[in-house]
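**Student:** Would you mind keeping the following structure in view while I ask a few things?
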Amino acid sequence: MAEELPKELPKLLPILEQKIDDLKKKFERFFAGLEKRPPLRERDKLKRIIFSIVDKKGYPYHILYRAKQLAIKFNTYNTMWDRMLRQIEEGTLVRDLSGKLIMGPSIKKEKTALEEWVSVKQEEPLEKALEKLYERAQKESQLRGIHFMPREKFIEKMRKQLEPKHKQTRELKLKIDFSQGKPKIKVKKEK
């Protein structure tokens, strides 16, 4: 049965403050490995309540100020929890044998074949360069644990995009960029 909350803002604020602290403890237990799942339902329920009180009118300034401070406190925690959950999903935060979160294996910033441009001249077939580019992207995707599209789909998609540019320029330079987390093709035209 759902807990009945008071309608009056002055009585509601201390209860919400306690609920934020309880939610913080639940997330700490999850991040410490003591709980299997994050308390997302409780967070969403509390978020709805907090956002509903922020714009209330008709109360003294000090009560509205306190309500906004609670909303800021909740948003700060919420941002931190979202960041940590995202890092767990991406694999930059992993659990060690004891269940604690530690920084995951980072991808070293060395000059790789991925950072080199693949050059294709106007008289050369575009498919050869796209094959080379696909191989590089596939290797990097596997290292990062990202699913990359099938070879035929990649080559067909890139051919449609690059054929007009290939015919107009003397030389095209292609490179795959993973700096934003997802693979993105960069193109340089040399006329």
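**Student:** With a cap of 15 neighbouring Cβ atoms within 10 Å, and only residues DSSP puts in a loop, list the chymotrypsin sites (Phe, Trp or Tyr not before Pro) found in segment 1-72.
**Tutor:** Filter output for segment 1-72: empty list.
**Student:** To make sure I understand, if each residue's beta carbon is the centre and we count other beta carbons within 10 Å, what order do T92, T169, T76 fall in, fewest to most?
**Tutor:** Arranged by neighbour count, lowest to highest, T92, T169, T76 become T76, T92, T169.
**Student:** Now for a different question. For segment 113-190, count all C-alpha to C-alpha pairs, find those more than 16 Å apart, and express that count as a whole percent of the total.
**Tutor:** 45 percent
**Student:** On each of the three principal axes of the Cα atoms of segment 9-103, give max minus min coordinate, whole Å, ordered largest first.
**Tutor:** The Cα atoms of segment 9-103 stretch 53, 20, 19 Å along the principal axes, largest first.
**Student:** May I ask you to sort F178, F74 by Cβ crowding, counting other Cβ atoms within 10 Å and putting the fewest first?
**Tutor:** Fewest-to-most Cβ neighbours within 10 Å comes out as F178, F74.
**Student:** Ok, one more. So how do W81, W117 line up by other beta-carbon neighbours within 10 Å, fewest first?
**Tutor:** Starting with the residue having the fewest Cβ neighbours, the order is W117, W81.
**Student:** Which of K139/K167; K128/K186; K36/K56; K24/K184 have a Cα-Cα distance over 27 Å?
**Tutor:** Too far apart for the 27 Å limit: K139/K167; K36/K56; K24/K184.
**Student:** Assigning unit charges at the beta carbon (Lys, Arg +1; Asp, Glu -1) and nothing else, what dipole magnitude in debye, to the nearest 20, does segment 9-103 show about its Cα centre?
**Tutor:** 340 debye
**Student:** Can you give the local net charge around L85? Use residues other than it whose beta-carbon is closer than 12 angstrom to its beta-carbon, Lys and Arg +1, Asp and Glu -1.
**Tutor:** Every neighbour counted, the sum reads +1.
Just so you know, all these numbers are worked out from the coordinates, no wet-lab data involved. Everything numeric here is computed off the predicted structure, so don't read it as measured data. Note that each Cβ is placed from the backbone with ideal geometry, even for glycine, and that neighbours are counted across all protein chains shown.
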